[in-house]
Every structure is written in C-alpha cells, then in structure tokens.
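Down below is the structure, laid out as structure tokens.
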Amino acid sequence: MGNNTHNRISYFSDKLINDIALPERFTFPFFYEPHRLTKIAAAKLQHYLETQTELDHNFGLNGNQDGLAIGKMFGVLVVQDTEGKIGYLSAFSGKLAGSNDHVKFVPPVFDMLVENSFFLKEQEIINTINTQVSKIWSDGEYEHLRHDLKQLSAQSEQELAEFKKQLKNNKEIRKKLREQHKHTLNQDDYAQFEANLIRHSLHDKHQLNVLTQKWKQHLGEVQGKIAQFEAGIETLKNERRERSAALQQQLFEQYVFLNKDGESKSLQEIFSTTIYGKPPSAAGECATPKLLQFAFANGYKPLAMAEFWWGAAPKSEIKKHKQFYPACTGKCKPILGHMLKGMQIDEDPFLQNPGESSKLEIIFEDQYFVVVNKPAGLLSVPGVNIQDSVYSRLKLTWQTIEPLIVHRLDMGTSGLLVVAKTPEAHKHIQKQFLKRTVSKRYTAILSKAIDQAEGEIDLPLRGDFYNRPRQLVCFESGKRSVTRWKLVERQEATTKVHFWPLTGRTHQLRMHSAHELGLNAPIVGDDLYGTSAERLYLHAAYLEFVHPSTNEKISFDVAEDF
C-alpha cells in the first residue's frame, strides 16, 4: 500500500465530541438514521470532496468538467482505536479516478490493480486473446469468404426458386395435357402418353436434384474454408472463457473478509450458501465491507457506519447528492452477515410491525367481496417476518371464508383494498385489474414544490435484482409504466398531487415521483427513494370497477388523513 495505516484514520477533537454519547450498538446497515458522529464524519468527508484537487474524477457536479459523469457511494465508519481514541475511516465503492488506493480512504479488501498482480497479468493474456480474435475477424480472406457466401447463398436461393417455379409450370402443363387427352386417346395410346409425362416429371425432379447438389457442393466448399477461420475463433473464445472463469474464481478466493473474532471467509464461501450460488459482479467492492475489513485488520472497534451518494444521479436508480443510503442487500448483506457476526447491532426494523396497533376499517362488504381502508404500516399479505396483515385479520374475522387478495398496496401506503370472498368474484375482479379497466386514484404529498400543474410520466421499470425490493428505470428491458398526475395544492416546501396509475408496476408512483426524469420529488416519507418520515404520504383514495354479480359499476372514495 502506498499509504500507512495511521494516514487512513481521521480523529475527532475531544472538544467536538465531548457531549456526544457513543452508540451502544453498531448500526443496522440496511435501514438506519445516521448517528451524530457519522453525520459529523460524513460532513468532514464531504468538505474534503468539495475542496480537494488531486482526484481526477468527474462526479457530474461541474458542467465544465470533461469525461463521463460518474457519481459514487462513499462511506464513513466511526471507530475506537486501541488507545480508546475516537476517529473515523472513509471509503468509496468500486474504483475512484481509475484507482483503488487513495489518500484519506481505506484500501480495497484486495487490490487487483496493484502492479504485476496476477489479475493484471492474466488480464493482459485475455486482452491478447481478444486481439487475436479481432485479427481473424478482420482478415481479408475471411471477410472476402463471408461476403462471397452471402452473395452465393442469395444467388442459389434465387436460382432454385426460379427453377422450382418452372417445374411447377411444367406440372400444370402436364395436368392440362392429361385432361385434354383423357377422352381423345384410346386406352393403349393414353397409357403410352401417361408414361411419357411421367418420364418428363422424373426428369424435372432429377434436374432439380442436380441443381440443388451443385449449389450444396459450391456453398459447402466456401463454408469449409470459413469454418477453418471460425474454428480458430472458437478455440480462442473457449480459452478466453476458461481463463476468465478461472480468473474470476481466483479473485473470489482473494477477497477474504474478517469479523471481530478474527474469523475469515472468502467471497466464494460467503455466497455459496445464498440463492446466487456465486458472488455477483463487484461484490466486496462496496464501502462498508472495505471499512469493516480495515477496522478489524488494525484492531479498531467499529461503532457506527453511514453511506452517502456523491455526484450526479445515475440514469437508472434514485440517488440524490449528499443523501444517506443503506448498504445494498444483494452484494453486501451476505458479506456483512459474516463480518458483523457476534456484534451488538441496532434492532432490525424489518422485524417490527408498524401497523400492529392500527385498525382495519371495513368500507363495504357483501357476499362477494369486501373493500377495506388499509392503514399505513399494515401489510396486505403476510411477510417473511411479520404475519399481521389485511389477509390474516380478515381470515381471523371470517374464520370459514378464505380471503382472496385481488391486488396489493405497499406496506407504507394507506387506502382502498379489495378482497374477494369467492373464487368466482376473485377471478372476475382480478381480470378487471389485469385488463386495466379499474379506475384508481391516489393522493400523495411530494417532498418539494413543483412548478407544473399536471402531466403524464412514462418511464419503464424493472426490479433491481441485487437490491430488492428497489426498482430501476430501464429503457432496454423495463416494462412500460405510465402515470397521469395533477396538482392539488402547492405549499412552500411540498406539493399535494393526485395520481392515476395507467399501469400497475411495483413502486410505480414512488419511482415516477422520485426519478429525475419524472417529477424529481420523492413522496414524503419514502424511505426507499427519499427520506424517512412518520409515514409514507401515499393514499389509495378512489376505486371504481364492475361488480362481479350485478355487472354494474361501483365506486369507493376514502379521503386521505393528511
């Protein structure tokens, strides 16, 4: 490493932190309110990022800077050293300015970019293979053969098609001749005439076979020459594939993570028991694992962590400059599960039931279905850790009837929810939701004042595979998602709006509110795409659909309580 251990830690002045109590437990990394010490550490790191001049990296904050704008996640870890002094460590996710190692930041768990590393040496071999593949592709003879094959294939198809057309005409002529001579020739003459037609037919088939074989042989000769080039390409590709897989496996074994008891596990060991089976790309490169690794390796006691985004927002996900975010679940959760083993951690909020004391209000009920006003914080259906839900409460109330959930609302969303009592009613109403014939209106409070009065948002969405349940905007593989909206009331720092979701994607209204290509104003209380509050200010206020028995339109309207 280019920098010694002591340069990596920044100490707080006693005067600055004398009145701040140290955290009793370490931060729960996947949902937290930053501790005062981590806020101070983050502010100091942000000041450094604002004033430093040595990092040649375009964060997208300066419109005049050259190069691709790439924002970054940064992390701080408040620690206590072996002498009891309190300080903090800093880290970034991935690479920064093309390097893994910078002053002020802890080093990576494994630096694959260090000079003469096995990674760089093997990467050089793989790059040489890529060059060889490119050389074959651009070989003049190979290009000429591919061009010839394309032309000859087209020529053969045309010639065979024309010949088959001629044979078809010959067949039609023979058919007409048979009809003409059927009643004019005697039996012996007609038999001789028919035999002559059959010879013509066989001759046509023979000629077609000769032509087909001629082209098959001609094309086969060219394809054989091409195959020699492609065999070389395939051999190189197989070697590249095997080398890449071996290199990836070697990297997985080099990323070894510690915990407070000094136990170490490689990436491969950690992810072998997960649903992924093997580590996802860039696992182990995030800020928090780097910070904990450095702390454990140097005898520091981790006290609290926080991560924040620095720079322009990425195009696909919701990331705001300077805003704190939890550690990612797909890449970090398995690693941190090992690294935090045996430590006292803040309580997991996902194990708590915020809707436990809330009342489930029945808006309408008949023999076919019920419409409820779901309180914010109550699940629609039982979760992995929490059983209490609209489903479980109705099942307990009805006892002999199985509640059939037609659609769902997010845990934090309040409002109208339909639950069927019979399979027939469930099928009837759910079909209306699937065909998008149900009219829905939501009310939300956005986290800033917006200028427009109404509009339509069309941003395709897909799930973030490695960070569930978060969604991404994806113009390549996302599903079309459309929301119509209208201003209700504008305040100095917030805006109340009505939403009409014309499609029903997961987190559609939350994403369309928060994303910079949408309203660029997260819904108040959205802890996934904005910041936490006492609740998510989103309410399903209006529903209209066709009754499964009477076939008449019915509607329900429950005003928000905010």
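Read the figures in this text as sums done on the coordinates, not as results from a lab. Everything quoted here is computed from the prediction, not taken from an experiment. FYI the Cβ positions are ideal-geometry reconstructions off the backbone, even for glycines, and counts take in every protein chain you see.
Compute the separation of the alpha-carbon centres of segment 176-212 and segment 394-470 and state it in Å as a whole number. If you average the Cα positions of each part, the centres end up 72 Å apart.
Looking at the square roots a ≥ b ≥ c of the eigenvalues of the Cα gyration tensor of segment 473-562, which shape do they give, rounded for a/c under 1.5, prolate if a/b is larger than b/c, or oblate? Judged from the Cα gyration tensor, segment 473-562 comes out oblate (a/c at least 1.5, b/c at or above a/b). Along segment 157-166 the Karplus relation, 6.51 cos²θ - 1.76 cosθ + 1.60 evaluated at θ = phi - 60°, assigns HN-Hα couplings of 4, 5, 5, 5, 5, 5, 5, 5, 5, 5 Hz to successive residues, with x for each Gly and Pro. Residues 358, 281, arranged from fewest to most other Cβ atoms within 10 angstrom of their Cβ, appear as 281, 358. Reported to the nearest whole Å, the Cα centre-to-centre distance from segment 282-302 to segment 319-386 is 28. Over the chain, Cα pairs under 8 Å with separation of 6+ residues give a relative contact order of 13 percent. Estimated from helical segments only, the mean residue ellipticity of the chain at 222 nm is -12500 deg cm²/dmol, where each DSSP H run of four or more residues counts as -39500 (n - 2.57). Using the Cβ-Cβ distance between residue 228 and residue 456 with R0 set to 60 Å, the FRET efficiency from 1/(1 + (r/R0)^6) comes to roughly 0.60. Amide H contacts under 5 Å for residue 407: 418, restricted to partners 5 or more places along the chain or on a different chain, H placed in the peptide plane at 1.01 Å from N.
Proximity of backbone amide H atoms, modeled 1.01 Å from N, is registered between residue 364 and 371 at under 5 Å, excluding neighbours fewer than 5 places apart on the same chain. Cβ crowding within 10 Å ranks 218, 35 as 218, 35, fewest other Cβ atoms first. Between amide H atoms placed 1.01 Å from N, distances below 5 Å from residue 345 occur with 26, all of them 5 or more places distant or on a separate chain.
Counting every other Cβ atom within 10 Å of each residue's Cβ, 332, 474, 286 order from fewest to most as 474, 286, 332. Dipole magnitude for segment 106-198: computed about the Cα centre from +1 point charges on Lys and Arg Cβ and -1 point charges on Asp and Glu Cβ, it is near 880 debye. Among rounded, prolate and oblate, which fits the chain when a ≥ b ≥ c are the square roots of the eigenvalues of its C-alpha gyration tensor, a/c under 1.5 means rounded, and a/b larger than b/c means prolate? Since a/c reaches 1.5 but b/c is at least a/b, the shape of the chain is classed as oblate. Whole-Hz Karplus values for segment 66-72 come out as 7, x, 5, 6, 9, x, 9 Hz, taken residue by residue from phi with 6.51 cos²θ - 1.76 cosθ + 1.60 and θ = phi - 60°; glycine and proline positions read x.
Derived scalar couplings between HN and Hα for segment 241-253 equal 4, 5, 5, 5, 5, 5, 5, 4, 5, 5, 5, 4, 6 Hz in order, rounded to whole Hz, by the Karplus curve 6.51 cos²θ - 1.76 cosθ + 1.60 (θ = phi - 60°), x for Gly and Pro.
Checking every one of the chymotrypsin sites (Phe, Trp or Tyr not before Pro) in segment 426-522 against DSSP loop status and a limit of 16 other Cβ atoms within 10 Å picks out 465, 475.
Modelled spin-label separation between residue 166 and residue 492, with each label point placed 7 Å from Cα along the Cα-to-Cβ direction: 9.1 nm.
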